[in-house]
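The values are calculated or read from the model by the stated rules, or taken from the named source; none is laboratory data. These numbers come from a predicted model, not from an experiment. FYI the Cβ positions are ideal-geometry reconstructions off the backbone, even for glycines, and counts take in every protein chain you see.
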Amino acid sequence: MRTTHALRRFAGQPYQQRGWSPSRVLLMLAVDEAGRPRMGDLKDRLGVTGRSITSLVDGLEDEGLLERCHDPGDRRSTRLEITAKATST
């Protein structure tokens with residue numbers, strides 16, 4: 001879990017100075033631990049609203065750190081995947 005190690009190192013740094021909130025760090029760790037989770041599952045796991053997850057994912061996707069992927073088993077679902085850029089952060 002190279003991403004987890006990179007994120008944990010990142011979380012130990014003053015991540016707020018880099019523009020990261022604790023919510024962003026927790027979301028990235030949750031995605032890494034879950035593999036390719038559905039956005040709805042993360043909402044339940046982190047105890048936040050769907051709109052909060054969407055906003056967080058929008059920002060992380062804009063930075064190239066997360067990617068939305070279609071769920072081949074359920075056209076209504078969107079899965080999240082950590083990008084290569086995030087693993088090198």
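Here is how the numbers come out for the structure above:
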| item | result |
| --- | --- |
| Count - residues of segment 27-49 that are surrounded by 13 or more Cβ atoms within 10 Å (Cβ to Cβ), closer than 17 Å to residue 87 by Cα and among the small types (Gly, Ala, Ser) | 2 |
| Count of segment 52-89 residues which are in contact with a helix residue (DSSP H, G or I) (Cβ under 9 Å, 6 or more places away or on another chain), in a helix (DSSP H, G or I) and farther than 13 Å from residue 28 by Cβ | 2 |
| Cross-chain or 6+ apart pairs with Cβ under 9 Å, segment 77-89 first and at negative phi and surrounded by 16 or more Cβ atoms within 10 Å (Cβ to Cβ), then assigned to a loop (DSSP other than H, G, I, E, B) and among the acidic types (Asp, Glu) | 86/63 |
| Any hit, segment 11-27, residues being under 11 Å from the mean Cα position of the chain (by Cα) and at pLDDT 90 or above | yes |
